[in-house]
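To keep things clear, I will list the structure first and then write my remarks on it.
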Number of protein chains: 2
Amino acid sequence: MGNLLDSLEKTMLMGPGPSSVADSVYQALAKETIGHLDPYFIKIMDGIKSQLKTLLNTQNELTIPMSGTGSAGMETCFVNLIEPDDRVLVLINGVFGMRMQDVATRLGADVDTLEFEWGTPVIVDQVKQQLAEKEYKIVAVVHAETSTGVLNPVAEIGKLLVDSKSLYLVDAVTSLGGLPIEMDAWGIDALYSGTQKCLSCPPGLAPISMSDRAVAAIKNRSSKVPNWYLDLNLIINYWEGASRAYHHTAPINMLYGLYQALDDVLNEGAENVFKRHQECHEALVKGLEQLNLKMLVDPTCRLPMLNSVLVPENVDEASIRKCLLDDYRIEIGAGLGPLAGKIWRIGLMGHTARSENIEQLFKALKTVLG
Amino acid sequence: MGNLLDSLEKTMLMGPGPSSVADSVYQALAKETIGHLDPYFIKIMDGIKSQLKTLLNTQNELTIPMSGTGSAGMETCFVNLIEPDDRVLVLINGVFGMRMQDVATRLGADVDTLEFEWGTPVIVDQVKQQLAEKEYKIVAVVHAETSTGVLNPVAEIGKLLVDSKSLYLVDAVTSLGGLPIEMDAWGIDALYSGTQKCLSCPPGLAPISMSDRAVAAIKNRSSKVPNWYLDLNLIINYWEGASRAYHHTAPINMLYGLYQALDDVLNEGAENVFKRHQECHEALVKGLEQLNLKMLVDPTCRLPMLNSVLVPENVDEASIRKCLLDDYRIEIGAGLGPLAGKIWRIGLMGHTARSENIEQLFKALKTVLG
């Protein structure tokens, strides 16, 4: 009997994620489900840990995918590290910095923020000044701010925290797989990501990694983590050690997909993948400028995988997006918050970041923009 | 290039879940990913809501899958309904009742428990007595206790709560799709389930449903839900209404899988599916008794989909399970907690519940048990 799935149309996903998925990953998702305690499945789990450690340039043992989307990764990092009244500094220049503030506040943290204009990066000197005035248990920033297309100076902020007691927490949802991440060298203590951006695996998992310092903070909590599902003290026992104690039933087929997506990235070579993202970004910007479109973000801090394009005056941004989707099955993203109606967000993430896709977009845009 | 996924072996999943997955669902998982805000995807979401309402026999508008496994469903129900010091009564006769207690306690609830021997059901009269003594905001029970194979009297407990102010919270992880659930008729206010049991979709999603009373309790909280990821106040805006505001990126391909799994159940006819589970259960018990194996649970309260079998004396239960898995690729489950080493748990869930599978198990068991 037929149903809605029969009429799904192939869509080029050029928004802020999900990105287009490679056939290899679709095939992985459809592989035979085996048990979450099956020794063969444990091998796949160990494989994913190892792949993630490679891509994050970290030695952290606690490097695993959480059973939820990228936002569950954010929740995981904060809920495990925060105890009531802990002081947290969140650096905000977009939606995902604001989300960090919301998450941390709900957990009872004493949250300070430094805010920067949307479309511009975090200013390191202002962070330095703030840190000179006050000590924080956690300093949190977004690496690649998906809502604006801005790259934040994660390595430079990390340098400010060397020798401090603060834990450095980084959102790498959109950067992982599209930009180099040097988790250990940059002094990052807690990091979360998602699968549906530059890894080009469908949404549903949140890779995280915790430094030894972060793990110690979690193990030495004075209160239980107020979230059983995301409690790393329990989850470690499933992902590490000999006994592999059942916590919750792992999302098996999604993990197959992630394993395959990471395998694809590592086989192509992470450096080659980053180069492909950068080259696509440059081709996109060049073509957009030929169409007289302007970028929101200064060239010095533009993300390769998320391109914010200013909507020309007198253009109805939503109708352009609708037309691209309806007539060409190309999805691009809208602006969020103060940028709603003002920008389009064009994603070149993972499998989407290919020159033939950019050509297709230009062809469509030329017609649609008239 | 080859990898670990190439050597995955077809496995008959006869444990406590995940269950074996039908080809139709594998194919659904591998369908083209489209955007989580694509109008066509919204149609699929609406389809899932409608399918779940049918299977749960409920009119609840807030009937949706959460983006995590069954345990995330448990977390969702408690974290949205509990505010600090709220009085909660948890009825415990197995691991999943204990988990409810743990989850609720972490959230700052004032938790009372009534405990019953593992392998026996909740005794309604004792609940009645407790409710006469004390008022609770939430009364929580597991419908099908996966750790023991016991069916709890959910409808009867519901009758005790008619005209009370208590919200009735039910774990339907293992029962959904294998046993009738009359959410509205039984007076259930909050219910969660999982996909990897009798729906035979791989793990990764947690269907939940909330009555109008439960929704009112969530909307009238005096404090924000201390869990951004699972906050139903926010998630409602993505799953209901005209605007469909982005909250987190939905696990798109997993939702295709769930949609297909529910479509398969409803096409076969829920009553037929329940009958198939019951008939398989009866055939299993008969065959096990012919092998001189005994059941843990009294026939009056045995679950059809989860069968606890007493391990005969002088038999090493783990080596039998290992042998079934290694030599026959049949997975059955071990006992948990006080039942570890004492029982096997044989699941007949969803797609696994077929007579040819039971025949295969008997053939293997005869050899393995000698």
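Would you check if A:Val150 is surrounded by 24 or more Cβ atoms within 10 Å (Cβ to Cβ) and closer than 25 Å to A:Pro65 by Cβ? Answer is no for this residue.
Scan the stretch B:199-241 for residues that are more than 14 Å from chain A (Cβ to nearest Cβ) and small (Gly, Ala, Ser) and the total you get is 6.
Hey, any hits in the stretch B:149-166 for a residue that's among the β-branched types (Val, Ile, Thr) and touching a His at 6+ places or on another chain (Cβ under 6 Å)? Looking for residues that are among the β-branched types (Val, Ile, Thr) and touching a His at 6+ places or on another chain (Cβ under 6 Å), one finds at least one in the stretch B:149-166, hence yes. Candidates A:Leu230, A:Leu291, A:Leu296: the one that is touching a strand residue (DSSP E or B) at 6+ places or on another chain (Cβ under 6 Å) and touching a residue at least 12 places away in the same chain (Cβ under 8 Å) is A:Leu296. The residues on offer are B:Thr113, B:Thr33, B:Thr120, and the sole one that is buried (at least 24 other Cβ atoms within 10 Å of the Cβ), in the same structural domain as B:Ala185 (by TED's automatic domain parsing) and among the hydroxyl-bearing types (Ser, Thr, Tyr) is B:Thr33. Of all the criteria given as (1) at pLDDT 95 or above; (2) in a loop (DSSP other than H, G, I, E, B), the one not satisfied by B:Asp163 is (1). When B:Thr11, B:Thr69, B:Thr76, B:Thr58 are screened for being under 21 Å from B:Gly194 (Cβ atoms), touching a strand residue (DSSP E or B) at 6+ places or on another chain (Cβ under 9 Å), outside the structural domain of B:Ala242 (by TED's automatic domain parsing) and of a type in the set (Val, Ile, Thr), only B:Thr11 passes.
Between B:Tyr136, B:Tyr168, which is farther than 20 Å from B:Thr300 by Cβ and either surrounded by fewer than 24 Cβ atoms within 10 Å (Cβ to Cβ) or touching a Cys at 6+ places or on another chain (Cβ under 6 Å) (or both)?
Numbers: B:Tyr168 fails: either surrounded by fewer than 24 Cβ atoms within 10 Å (Cβ to Cβ) or touching a Cys at 6+ places or on another chain (Cβ under 6 Å) (or both).
After applying the criteria, what remains is B:Tyr136.
Pairing each residue of the stretch B:23-52 that is within 25 Å of A:Gly257 (Cα to Cα) with any residue that is in a loop (DSSP other than H, G, I, E, B) and aromatic (Phe, Trp, Tyr), provided the two are 6+ apart or on different chains, yields C-beta distances under 7 Å for B:Leu37/B:Tyr246.
So if I check each of A:Glu331, A:Glu279, A:Glu317, which one is within 14 Å of chain B (Cβ to nearest Cβ), over 30 Å from B:Gly73 (Cα atoms) and either buried (at least 19 other Cβ atoms within 10 Å of the Cβ) or in contact with a Pro (Cβ under 9 Å, 6 or more places away or on another chain) (or both)?
The match here is A:Glu331.
In the stretch A:174-204, the residue that is surrounded by the fewest Cβ atoms within 10 Å (Cβ to Cβ) out of those that are touching a Phe, Trp or Tyr at 6+ places or on another chain (Cβ under 8 Å) and farther than 22 Å from A:Ile218 by Cα is A:Pro180. Applying the set (1) in contact with an Asp or Glu (Cβ under 7 Å, 6 or more places away or on another chain); (2) surrounded by fewer than 21 Cβ atoms within 10 Å (Cβ to Cβ); (3) facing another protein chain (nearest Cβ under 9 Å); (4) not small (Gly, Ala, Ser) to B:Leu13 leaves exactly one unmet item: (2).
Residues that are more than 9 Å from chain A (Cβ to nearest Cβ) and within 30 Å of B:Glu145 (Cα to Cα) within the stretch B:26-45 comprise just one, B:Met45. Residue under question is A:Met66, and the condition is that it be touching a residue at least 40 places away in the same chain (Cβ under 8 Å), surrounded by 22 or more Cβ atoms within 10 Å (Cβ to Cβ) and more than 8 Å from chain B (Cβ to nearest Cβ); does it hold? Yes: the conditions hold for A:Met66.
The values are calculated or read from the model by the stated rules, or taken from the named source; none is laboratory data. Small disclaimer: the values here were computed from a predicted structure and weren't measured. FYI the Cβ positions are ideal-geometry reconstructions off the backbone, even for glycines, and counts take in every protein chain you see.
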